[in-house]
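Supplied in structure tokens, the structure appears directly below.
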Amino acid sequence: MRDYDIIEVDAALDIVLQHALPLTPRSVALSEALDLVLAQDVFAQEDLPPFPCSSKDGFAVIAADTSNPRRLVGEQMAGYIADLHVTPGTCVRITTGAPLPPGADAVIMVEYTQEAQGLITMQGQVRAGADVRPIGQDITRGQRVLEAARNLGPQEVGLLASLGYSTVMAYPRPRVAVLSTGDEIVDLDAQPRPGQIRDSNRYALMAAVRRAGAEPVSLGIGSDRQDELTDKIEEGLTTCDAVITSGGVSMGELDLIKPILEGRGQVHFGRVNLKPGKPLTFATVDNKPVFALPGFPVSSLVSFEVFVRPALRRMSGQTLILRPHVPVTLAESIQGDAWRPEFHRVSLTRENGTYMARSTGMQSSARLLSMVGANGLLVLPTQATPFQAGSTVTAILLEQPETEPYPPHWRQA
Ligand code: AMP
Ligand code: MG
């Protein structure tokens, strides 16, 4: 196995994002398009509304006609074309969304009328065009209504439906294979025997993949055997767009993942200067990213957050790649690490307009409880002495959507 230089977090993220390229856009059914990124400009092929229509329930009239009461000559309901003409002295009952009958140029709301014996008495006059939505008022034919790279939310989906798009070109959701490794790891249906522990990483990582907007695919648990791990990784590569493994990347005898990846593709880095997560390994095989995350549960989740999630967003066509990085105030003194930058898990509360950070307690990379309830990751530079209460440090807001492109503004400055 090669010896790997330890590289800095920013350099590692650069490498990851250079290799995690947007997937090829494809045609997606509109009903499956929510939260995908649009890969085309969308132009209206029709006017909206396509015909002049009433925006109220009431009576279609000629605005300049001063006769009162007016004779009711028929009904125009939404969804039909009635053979009716409005002439001076007459009106037509009309419902919201119904086409304006020929002759009429305004609608008076039912609230401003009285009806008796086929005659409609109106309180006051209406101006021409009142409560009428003319052709193309909302959207005119040929208009660009959505630009490529936009996120498809409920309103974009609705807009596309209103213009008749049943499919749309979008970046697909990356499919991501997730593999746990280690002879000691057992699945949830087994009672761990002495020396065994339950697989938590695969469940946590698959949940994190889903939350990143990608589709997780389980590869199960691979035991520490070269052939078995090779087969599992191969299965992930043939069925998915990216592969995530956990465990088997540190310096122990049975840390087989790095040599397997070296034999199959290109390992771009094998150690990163962060805590937790130092053995994080990144490779590409057949142009597909492979993230070999450390085995400790917190290490794997923190390195997912810092490296894998941005990569999955980029593969999804997203242009906002990074979570907000904000200055926060320490509510208590917090010990970092003298040798490696530490991503310290904190709970953040907004107090008097600033975020106050409190540690989630012991930061062992095995202790998932240090992650539970954490809505922030402090980015603590190396420092032997504690960061004092009241001092300001940078935190990543874990529960806020990504707001920063890559490279981030704060790194360009
Ligand atoms: P490794 O990197 O394979 O040496 O694993 C480091 C530590 O993480 C060991 O204590 C493993 O037992 C633990 N670990 C590895 N994989 C998992 C997993 N899937 N779920 C929970 N703990 C794990
Ligand atoms: Mg292991």
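The values are calculated or read from the model by the stated rules, or taken from the named source; none is laboratory data. Since this is a predicted model, take the numbers as computed values, not measurements. Cβ atoms come from the backbone with ideal geometry, glycine included; neighbour counts cover every protein chain shown.
Mind listing just one residue for me: the one in region 212-255 that is touching a residue at least 60 places away in the same chain (Cβ under 8 Å) and within 13 Å of ligand 1 (Cβ to nearest atom) and, of those, nearest to P289 (Cα to Cα)?
I244
Right, next: Residues H85, H19: which one is within 21 Å of R314 (Cβ to Cβ) and not small (G, A, S)?
Numbers: H85 fails: within 21 Å of R314 (Cβ to Cβ).
Result of the check over H85, H19: H19.
Please enumerate the residues belonging to region 237-255 that are buried (at least 19 other Cβ atoms within 10 Å of the Cβ) and at pLDDT below 95.
D255
If I filter region 257-266 down to residues being touching a residue at least 60 places away in the same chain (Cβ under 8 Å) and within 16 Å of ligand 1 (Cβ to nearest atom), which single residue comes out as nearest to V9 (Cα to Cα)? Even if it seems obvious, please write down each step before you answer.
Within region 257-266, the first condition is being touching a residue at least 60 places away in the same chain (Cβ under 8 Å), and the residues that meet it are 257-259, 262.
Still in the running and within 16 Å of ligand 1 (Cβ to nearest atom): 257-259.
On the way: I257: 21, K258: 19, P259: 22 Å.
So, considering only residues that are touching a residue at least 60 places away in the same chain (Cβ under 8 Å) and within 16 Å of ligand 1 (Cβ to nearest atom), the one nearest to V9 (Cα to Cα) is K258.
Let me ask you something else. Would you say R411 is basic (K, R), surrounded by 13 or more Cβ atoms within 10 Å (Cβ to Cβ) and either more than 27 Å from the chain's Cα centre (by Cα) or not in a helix (DSSP H, G or I) (or both)? Outline the logic, then answer.
Values: basic (K, R): yes; surrounded by 13 or more Cβ atoms within 10 Å (Cβ to Cβ): yes; either more than 27 Å from the chain's Cα centre (by Cα) or not in a helix (DSSP H, G or I) (or both): no.
The answer is no for R411.
Continuing with the same structure: For the condition among the hydrophobic types (A, V, I, L, M, F, W, C), within 16 Å of ligand 2 (Cβ to nearest atom), assigned to a helix (DSSP H, G or I) and over 24 Å from E305 (Cβ atoms), what is the one hit in L261, L205, L229, L254?
Values: L261 fails: over 24 Å from E305 (Cβ atoms); L205 fails: over 24 Å from E305 (Cβ atoms); L254 fails: assigned to a helix (DSSP H, G or I).
Testing whether each residue is among the hydrophobic types (A, V, I, L, M, F, W, C), within 16 Å of ligand 2 (Cβ to nearest atom), assigned to a helix (DSSP H, G or I) and over 24 Å from E305 (Cβ atoms) leaves just L229.
Can you pull out the residues in region 183-198 that are within 10 Å of ligand 1 (Cβ to nearest atom) and either aliphatic (A, V, I, L, M) or more than 23 Å from V249 (Cα to Cα) (or both)?
Of everything in region 183-198, those that are within 10 Å of ligand 1 (Cβ to nearest atom) and either aliphatic (A, V, I, L, M) or more than 23 Å from V249 (Cα to Cα) (or both) turn out to be I185, V186, I197.
Another question, then. Residue by residue through region 378-388, note down the ones that are surrounded by 12 or more Cβ atoms within 10 Å (Cβ to Cβ) and more than 33 Å from the chain's Cα centre (by Cα).
Residues satisfying the conditions are Q383, P386, F387.
How about region 269-301: which of its residues are within 23 Å of T24 (Cα to Cα) and either within 11 Å of ligand 1 (Cβ to nearest atom) or not polar (S, T, N, Q) (or both)? Lay out the reasoning, then the answer.
So in region 269-301, the residues within 23 Å of T24 (Cα to Cα) come out as 282-291.
Listed by number, the residues that qualify are F282, A283, V285, D286, K288, P289, V290, F291.
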